[in-house]
Structures are given as C-alpha cells and as structure tokens.
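Where a number appears in this text, it was derived from the coordinates with a stated rule and is not lab data. Just so it is clear, the structure is predicted and the values come from calculations on it, not from any experiment. Virtual Cβ from ideal backbone geometry, glycine too; neighbours counted across all protein chains shown.
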C-alpha cells in the first residue's frame, strides 16, 4: 500500500516515477534528483537475474545529464550498474521492449569511483527516459545511493561526429577520455 501511495504521489508531482523497492528522492526545476535505494530478493528482475529499480524521468531542457549509482557505506551492492533507455518503463519487460526498439541512451558499470556507476548522455526537453538501477552480477542485493543531475559541459562526452541538435546519441567516455563500455 505504501508503494502504491508513493507511486501516485510521484505521478501527481510529474517529476519522476520510481518502480521497485527502496526508491525515493526529490527534484527541482533544474532536474537535480537524488535518493537511496535497496535491491532485494523481492524486487523486479531482468531475465539475466539482476534485480532492478526503475526510475522514469522527463527532461526539463536540452542538455547533458549525469546518472550516478554508488555503493552504500554498509550492506551495499558489490558492483552497481545503470542503464538508461527512452520512454517510461515500469516493468523489466517494458524496459526490454524499449531497449530492443531504441537501444540504450547510456549504460555504465564502473566509470564512477571504484566499482560505482556513472553514465553521461544527452536529452532533449520533455524527453522521457527510464533509468534502471541494477547490478553487474546476477542476484546481487544491497543498498545504494543515486543521483541525476545536469552537466553544464560536454567535456565528459565524445561526440564522434554526432550533433546533439540532430538527436543523435553521444558516446559516453571516462574523464581520462577512454570510451566507456560495459
């Protein structure tokens, strides 16, 4: 019942919809969101066995966004991972259909500090996307924190002849310029 009420409150606010266990967070006009979560045995899971919390968000303006998922200080996941697709997805099946249709906007496993995840991608105003907070390994459970924020610079993204005004996706790279691959 609490999960349903939180879901309805998120829809009423129009900022984001969090599906799965342990979600939550806040937002403002600049799309600066953060929260804590828990991947557990009672969560939804992908066919590959990774538990997942899904967060659907509407971009407030054109620009680069950063999604970070970090291990918590205690009871944490061993290896957090994030994946981002187009559209609003509330189940792993809907997420997989969006991925199969459009591919990833971004994905990352280890570009943050240590084993933490950090994905950078370009969005257009009013574009809806869904972040999957998950783990690299199947059956991995534990606590994590997450953050989504705007980036004023595309310094972390190499475009490879992709112009964001043409709605082509940038290729995320690590701060040292290496291509991020899963």
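Overview of values
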quantity: Hypothetical label at residue 93: residues of region 27-68 whose amide nitrogen lies under 16 Å (7 Å Cα-Cβ projection); calculated: 44-48
quantity: FRET efficiency, residue 141 to residue 47 (Cβ-Cβ, R0 25 Å, nearest 0.05); calculated: 0.90
quantity: Peptide ranges 102-111, 39-48, 80-89, 121-130 listed from the most packed, as the mean C-beta count within 10 angstrom indicates; calculated: 80-89, 102-111, 121-130, 39-48
quantity: Förster radius 35 Å - calculated FRET efficiency between residue 128 and residue 73 (Cβ-Cβ, nearest 0.05); calculated: 0.60
quantity: Neighbour-count order for 149, 64, fewest beta carbons within 10 angstrom listed first; calculated: 149, 64
